[in-house]
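What follows is a short report on a single structure.
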Amino acid sequence: MPLRLLKYAISREHPAPRFFRDCVEPKKTYDVVIIGGGGHGLAAAYYLAKDYGITNVAVLEKGYIGGGNTGRNTTIIRSNYLTPEGVKFYDASVKIYEGLSEELDLNLFYSNRGHFTLAHTESAMRTMRWRAEVNKHVGVESYVVGPEEISKACPQLDISCSGQAPILGALYHAPGSVARHDGVAWGYARGADQLGVEIFQNTEVTRIDVKGGKVCGVQTNNGYISTNKVLSAVAGFTPRITQMVDLQTPIVIHPLQACVTEPMKPWLDTILVSGSLHVYVSQSSRGELVMGSSLDPYEMHSTRSSLDFVEGLTSHITDMFPFLSNVKVVRQWAGMADLTPDFAPIMGKTPIEGFYLDAGWGTWGFKATPISGKTMAETIAKDMAPDLIKSFRLSRFEDYELTGEKGAASVGH
Amino acid sequence: MKLLQCPVNGIRPLSEFSYGGEFRTMPDPDSCTDQQWAAYVHYRSGAPGYKKEWWYHMPSGTWFIAERNTITDKVSRTYLFPKREVAV
């Protein structure tokens, strides 16, 4: 390291810039307490302060911000879903993302790549056509393309997939993008902090007090906080939080794994997804291939990752790109995905007054970060969920009005 | 967990097994309320801990019960589901 640089590192005059105040002890009471300092929780805090002027807000994070599923996903942003409700919702998210670097004054490395969902069978082609029509109807740019167009966009791809599963076509989705995921958490944290929100790391909620069907406070390892409004935005920890308030949900936790290769010169400028081969892949701005696969096959509350996963994934990725057989995987990890039976989130009010839920984000949470923050902020401020998230309400299960989104899950789960 | 004890075939690699979800008791559809039935159909006890689960040994077609800690992924015991008495 050059000495000149080292001088800055130890200089008191030039301290490292902090993104948010180092809050240590929470106050006795807040208007709103947000459990979970991931993208969703921090975005909700930011929009509560910015859109509704509610700044007496505490965000409680048991680890460090963005250290959960916000920092563990494969950073893909898209809106090519299957139900009109889903497409509208994720499209609103993509629109916010497009201007988010400017709004938060932080380079999120938002990069519009185009997104191909490859189809290797006739039945997969049928789903692609279905999704394309729903997308077009709602005004989202998605259409079905043939193998020639895929080859043109990505000449390195072996269209026959080593003869194992020839590609018949794809759903092309023009707005498909990637972004730097932890930057999204930091940006929202800084934005919220500047507006007066307090963020507490290493602060775990151990109990939620409910009296007469109303939330009245939370016990943390960092003191007791009384509040009438609590938002749970904790993804894979949701069942532990809902257990505290005795609320039943359909959520089960399965690990979802991902990995990156060593960095390469840029060669892949689109995002490719194959449901049949259980693979999604894009190249990050650092040059690594970011790859993910389907969920682990059984329930587990752990972020361990396995050799089985890398073996399966690399075997499929080399079907698509045989030349990658010499490239090394340098990191792998797992996140705890909170799955719902219809592959749509659970958002909004609950039977407990003042307890709001932002959960059920399974394998589709990162792309929804801005819009979930915005709509949950509205739900909390007005105590009424906006129309955009009505079909994601918890009571839909008791009403048998599910929002079937499984056909749009990135890979066959 | 890489290996699992099948009550019939002994210790086998996990790849031979399929997960059947948590063991749950069905409410009586004739006497339960619609809400209870919806809860049975959709809701799950997602919180971590020791759970009784259905597992299936695929090569031999054996369904059995495993008691597993869903945080540590350690299986404490596996056994065949006791035969139910069928009313004639």
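Nothing in this text is a laboratory measurement; each read-out follows from the coordinates by a stated rule. Only a predicted model underlies this, so the values are computations on that prediction, with no experimental measurement involved. In this analysis, Cβ positions are derived from the backbone assuming ideal geometry, glycine residues included, and neighbour counts consider all displayed protein chains.
About its Cα centre, how strong a charge dipole does chain A have in debye, to the nearest 20, once Lys and Arg get +1 and Asp and Glu get -1 at the Cβ? All intermediate terms of the calculation are to be shown ahead of the outcome.
Numbers: 39 positive and 43 negative charges, 161 e Å.
Computed about the Cα centre, the dipole is about 780 debye.
Could I have the simple spin-label model distance between A:Lys136 and A:Arg304, label points 7 Å from Cα toward Cβ, reported in nm to one decimal?
For the pair A:Lys136/A:Arg304, the computed spacing is 4.9 nm.
Let me know the charge dipole size of segment B:3-79 about its Cα centre in debye, to the nearest 20, where only the beta-carbon of Lys, Arg (+1) and Asp, Glu (-1) is charged. Intermediate results must be reported in sequence, preceding the final value.
Details: 8 positive and 8 negative charges, 74 e Å.
It works out to roughly 360 debye.
Any lysines with Cα under 23 Å of the A:Lys27 Cα? List them, leaving off those in the same chain fewer than 8 positions away.
Straight-line reach from A:Lys27, under 23 Å: A:Lys50, A:Lys62, A:Lys211, A:Lys214, A:Lys229.
For segment A:194-231 and segment B:4-19, what is the centre-to-centre distance using only Cα atoms, to the nearest Å?
44 Å
For A:Leu388 and B:Tyr56, what is the calculated FRET efficiency with R₀ set at 45 Å and r taken between the beta-carbons, to the nearest 0.05?
Values: r = 41 Å, r/R0 = 0.90.
After rounding to 0.05, the efficiency reads 0.65.
Given 0.36 nm per residue, what is the gain on full extension from A:His14 to A:Glu311 after removing their alpha carbon distance, in nm?
Details: separation 297, 0.36 × 297 = 106.92 nm, distance 4.67 nm.
Using 0.36 nm per residue and subtracting the Cα-Cα distance, I get 102.3 nm.
Using Cβ contacts closer than 10 Å as the measure, can you line up A:Phe109, A:Phe397, B:Phe81 from fewest to most? All intermediate terms of the calculation are to be shown ahead of the outcome.
Values: A:Phe109 16, A:Phe397 21, B:Phe81 11.
Listing A:Phe109, A:Phe397, B:Phe81 from fewest to most nearby Cβ atoms yields B:Phe81, A:Phe109, A:Phe397.
What order, most packed first, do the peptides A:178-185, A:147-154, A:30-37 have when packing is the mean number of other Cβ atoms within 10 Å of each residue? Write out the running numbers ahead of the final one.
Working: A:178-185: 22.9, A:147-154: 15.1, A:30-37: 26.5.
Descending packing order for the listed peptides: A:30-37, A:178-185, A:147-154.
If you look at just the Cα atoms of segment B:3-79, how large are its Rg and its Dmax in Å?
14.7, 43
A:Gln164 to B:Val75: FRET efficiency via 1/(1 + (r/R0)^6), r the Cβ-Cβ distance, R0 25 Å, to the nearest 0.05? Please report the intermediate quantities before stating the final value.
Working: r = 34 Å, r/R0 = 1.37.
The formula returns an efficiency of 0.15 here.
Taking only Cα atoms of chain A, what ratio of Rg to Rh do you get with Rh as the Kirkwood inverse-distance radius? Intermediate results must be reported in sequence, preceding the final value.
On the way: Rg = 21.6 Å, Rh = 22.0 Å.
Using only Cα positions, Rg/Rh for chain A is 0.98.
Please compute the length gained on full extension between A:Gln156 and A:Leu3, using 0.36 nm multiplied by the number of residues separating them and subtracting their Cα-Cα distance. Don't skip to the answer; put the middle values down first.
On the way: separation 153, 0.36 × 153 = 55.08 nm, distance 4.38 nm.
Full extension from A:Gln156 to A:Leu3 adds 50.7 nm.
Taking segment A:359-413, which GluC sites (Glu not before Pro) meet the DSSP loop condition and have no more than 12 other C-beta atoms within 10 Å? Could the numbers behind the result be given before it?
On the way: sites: A:Glu378, A:Glu398, A:Glu401, A:Glu405; in loops: A:Glu398, A:Glu401, A:Glu405.
Within segment A:359-413, the qualifying GluC sites (Glu not before Pro) (loop, at most 12 other Cβ atoms within 10 Å) are A:Glu401.
Pop a pseudo-label 7 angstrom from the Cα along the beta-carbon direction at both A:Glu148 and A:Thr121 and give the gap in nm to one decimal.
Result for the modelled spin labels: 2.8 nm.
Given a Förster distance of 25 angstrom, what is the FRET efficiency for A:Tyr52 paired with A:Lys95, based on the Cβ-Cβ distance and rounded to 0.05?
On the way: r = 20 Å, r/R0 = 0.81.
Using R0 = 25 Å, I get an efficiency of 0.80.
Rounded to the nearest 500 deg cm²/dmol, what is the calculated helix-only ellipticity per residue at 222 nm for chain A, with -39500 (n - 2.57) per DSSP H run of length n ≥ 4?
Working: 10 runs with 115 residues, N = 413.
That comes out to -8500 deg cm²/dmol.
Helix A:39-52 versus the longest principal axis of chain A: what angle, 0 to 90°, nearest 10, using Cα atoms?
60 degrees
In a Gaussian network model over chain A where Cα atoms closer than 10 Å are linked, find which of A:Met336, A:Met384, A:Met320 has the largest mean-square fluctuation.
Maximum among the listed residues: A:Met384.
For A:Lys214 and A:Glu401 in the same chain, what is the full-extension length gain: residue separation times 0.36 nm, less their Cα-Cα distance, in nm? Present the calculation step by step, with values, prior to reporting the outcome.
Working: separation 187, 0.36 × 187 = 67.32 nm, distance 2.64 nm.
Using 0.36 nm per residue and subtracting the Cα-Cα distance, I get 64.7 nm.
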